[in-house]
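S.K.: So that we are looking at the same thing, I have put the structure below in structure tokens.
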Amino acid sequence: MKSSRLILVGALLISALQIGFLSWNIAGRAAVLRNGQEVLLKVQPVDPRDLLRGDYVRLGYDISTVPAPLFTPPPTGDGDYEAKPVWVLLHKQDDGYFGVKSAAFDRALLPAAEAGEVVVSGMASGAPAASGSASVDYGLERFYLPEGEGKPIEVDMRVRPFAVVAAVAADGSAQIKRFLDGETVLFEEPLY
């Protein structure tokens, strides 16, 4: 009797911890969506589906390729930059989209963000050579869609501009907030 009571208490404790962890993750994502600074990013199609997860649009961004001269300090080509955290300072361009102003593998080396600028964090997925560029993943590269809507969007993305409004938190983490077809909002992420 006493051991079954201990098992029940243990199961309840484990369940409460799991619920608390999931709630913490959801609340953290919602906080970025609610309070993060919005940036408009021009997107490029890559691939529309995942057989195990359903339809999605795999996105590339103009900011996904960072020219080596924009890094502080400029890369020498002899360092190992693969899968290394990178910080990118974005600024609003004349067309309304955000573009890369500066990048560094140490956030402290970036210039201070001015009004209308934001620092976003990512992972280098390609080594910048002294005269080349680095590929950066921001965690914004997939956007899941309702079943059957991935292929038509993939086709449309090849003929007209699409964009993403991302929310960027103070720590540099980003979440997709809205997916746009020109000026039209196709999908908006709910807070919860």
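S.K.: Just to make sure I understand: if all protein chains stay in place, what is the order of 62, 156 by accessible area at 1.4 Å, largest first? List each step's numbers first, then the result.
M.R.: Numbers: 62 80, 156 45 Å².
Largest to smallest exposure gives the sequence 62, 156.
S.K.: Related question: For residue 142, enumerate residues with amide H under 5 Å from its amide H, sequence gap 5+ or separate chain, H modeled in the peptide plane.
M.R.: Amide H neighbours of residue 142: 59.
S.K.: On a 0 to 90 degree scale, rounded to 10, what angle separates helix 2-35 from the longest Cα axis of the chain?
M.R.: Relative to the chain, helix 2-35 is tipped by roughly 30 degrees.
S.K.: Extending each Cα 7 Å along its Cβ direction at residue 7 and residue 62, get the distance between those two points in nm, one decimal.
M.R.: If labels sit at residue 7 and residue 62, their model points lie 6.2 nm apart.
S.K.: Here is a further query. Based on the mean of other beta carbon atoms within 10 Å per residue, what is the order of 99-107, 19-27, most packed first? Numbers along the way, then the final one.
M.R.: Numbers: 99-107: 18.4, 19-27: 10.6.
Highest-to-lowest ranking by the protection proxy: 99-107, 19-27.
S.K.: Kindly report, to the nearest 10 Å², the accessible surface of residue 84 as traced by a 1.4 Å probe over protein heavy atoms only.
M.R.: Its heavy atoms expose roughly 80 Å² to the probe.
S.K.: In the chain, with Lys and Arg counted as +1 and Asp and Glu as -1 at Cβ, which of these residues, 164, 44, 19, has the Cα nearest the positive end of the dipole, that is, farthest along it?
M.R.: So the residue furthest toward the plus end is 19.
S.K.: Related question: Can you sort 14, 7, 63 by solvent-accessible area, 1.4 Å probe, largest first? Don't skip to the answer; put the middle values down first.
M.R.: On the way: 14 100, 7 120, 63 5 Å².
I get 7, 14, 63, largest accessible area first.
The values are calculated or read from the model by the stated rules, or taken from the named source; none is laboratory data. Because the structure is a prediction, the values reported are computed rather than measured. Neighbour counts run over all protein chains shown; Cβ positions are idealised from the backbone, glycine included. With ligands, DNA and RNA removed, areas are computed over all heavy atoms of the protein, side chains included. Shrake-Rupley method; radii C 1.70, N 1.55, O 1.52, S 1.80 Å.
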